[in-house]
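This report concerns only the one structure given below.
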Amino acid sequence: MNGPAARILPDGRLHLQHGPIDLIIEATGAADAVQAALRAAARRFPDILPALCAELDRLRTPLTAGGAPVGTGPVARRMAEACRPHRHVFITPMAAVAGAVADEVLMAMTAAADLRTAYVNNGGDIAFHLAPGARLTAGLVADVTMPAVAGTIALVHDRPARGLATSGWRGRS
C-alpha cells in the first residue's frame with residue numbers, strides 16, 4: 001500500500017489521498033488560521049486509514065438491535081453511531097465511512113483554528129463548518145464526464161445540517 005499523499009492544488013485547496021480515501025479540503029478565514037487548519041488536517045490524516053484497516057472485520061459486521069458498540073477508534077465509533085438508528089435493517093458501519101472520515105478531518109481543522117467556513121469532501125460525502133452568518137454554496141454536477149453546474153444548494157449557518165452526501169464520484173452515498 002502506498003502511504004498518504006498531500007498537495008496544494010493550483011486553486012489553493014488541499015488534496016489528501018491515501019488508498020481509497022481522497023479528500024479535497026478548503027477553508028476560509030484569516031490567512032494564518034486557514035494555514036493552521038490545513039496543517040492540522042494534514043497531521044491528522046495519515047493515521048486514519050491504518051486505524052480503520054485494523055478494525056475492518058468489526059466495521060464490516062452488521063449492527064444489531066442489542067449489539068455492543070462497534071469500533072474503538074474515533075472514526076470507527078463515529079461510523080457506528082451514524083448507522084445505529086438503522087440497526088433494525090441490515091447495515092454495517094462501513095455505510096458511513098466516507099462521511100466519518102470527512103468529519104474527523106474537519107474536527108481537527110476547527111480545533112486548530114477559528115475559521116469562517118471549511119469543508120472536507122471525501123468523494124461526495126462532505127462535512128462542512130460555518131461560523132455564525134456564514135454560508136457556502138455547493139454546485140451540483142449531473143454528469144462528471146461533461147462537468148457543468150446543473151444546480152446549487154445554499155448551506156447556511158442557521159440550519160442544523162453539517163454534512164452533505166451525494167452519489168459522489170464512483171460512490172454510493
Inset, instruction - Just one of (1) of a type in the set (D, E); (2) touching a Ser or Thr at 6+ places or on another chain (Cβ under 9 Å); (3) more than 22 Å from A138 (Cβ to Cβ) trips up E26, so point out which. - result: (3)
Legend entry - Cβ-Cβ under 8 Å pairs, at least 6 apart or on other chains, the stretch 127-143 side over 17 Å from D114 (Cβ atoms) and touching a residue at least 24 places away in the same chain (Cβ under 8 Å), far side assigned to a loop (DSSP other than H, G, I, E, B) and not small (G, A, S): A127/R162; L140/T166
Legend entry - Residues of the stretch 82-112 satisfying the condition of being of a type in the set (F, W, Y) and either open to solvent by less than 30 Å² (accessible area, probe 1.4 Å) or within 11 Å of the chain's Cα centre (by Cα) (or both): none
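For (1) within 14 Å of the chain's Cα centre (by Cα); (2) more than 26 Å from L9 (Cβ to Cβ); (3) open to solvent by less than 20 Å² (accessible area, probe 1.4 Å); (4) free of Cβ contacts under 8 Å to residues at least 40 places away in the same chain, each residue gets a yes or a no:
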site: I24; (1), (2), (3), (4): yes, no, no, no
site: T28; (1), (2), (3), (4): no, no, no, no
site: F45; (1), (2), (3), (4): yes, no, yes, no
site: C53; (1), (2), (3), (4): no, yes, no, yes
site: G71; (1), (2), (3), (4): no, yes, yes, yes
site: A80; (1), (2), (3), (4): no, yes, yes, yes
Legend entry - Qualifying residue in the stretch 159-172 (condition: out of contact with any helix residue (DSSP H, G or I) (no Cβ under 7 Å at 6 or more places or on another chain) and farther than 29 Å from G19 by Cα): yes
Inset, instruction - Give the residues of the stretch 147-173 that are modelled with pLDDT of 80 or more and among the hydroxyl-bearing types (S, T, Y), sorted by residue number. - result: T152
Inset, instruction - May I ask you to list the residues in the stretch 92-134 that are among the small types (G, A, S), more than 21 Å from A154 (Cβ to Cβ) and part of a helix (DSSP H, G or I)? - result: A95, A96, A98, A100, A108, A111, A112
Inset, instruction - Report yes if D57 is open to solvent by 50 Å² or more (accessible area, probe 1.4 Å) and free of Cβ contacts under 8 Å to residues at least 60 places away in the same chain, otherwise no. - result: yes
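Filter the stretch 31-43 for residues that are more than 18 Å from the chain's Cα centre (by Cα), surrounded by 12 or more Cβ atoms within 10 Å (Cβ to Cβ) and either small (G, A, S) or modelled with pLDDT under 95 (or both) and give the result. Talk me through it step by step, then tell me what you get.
In the first step, residues of the stretch 31-43 are kept if they are more than 18 Å from the chain's Cα centre (by Cα); the result is 31-33, 35-36.
Right, trim to surrounded by 12 or more Cβ atoms within 10 Å (Cβ to Cβ) and you get 33, 35-36.
Correct list: A33, A36.
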Legend entry - Tally, over the stretch 113-124, of residues that are within 8 Å of the chain's Cα centre (by Cα) and open to solvent by less than 20 Å² (accessible area, probe 1.4 Å): 2
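The values are calculated or read from the model by the stated rules, or taken from the named source; none is laboratory data. If you're wondering where the values come from, they're calculated on a predicted model, not measured in any experiment. Using ideal geometry, Cβ is built from the backbone for each residue, glycine included, and neighbour counts are taken over all protein chains shown. To get the accessible areas, we keep the full protein, side chains included, count just its heavy atoms, and leave off ligands, DNA and RNA. Shrake-Rupley method; radii C 1.70, N 1.55, O 1.52, S 1.80 Å.
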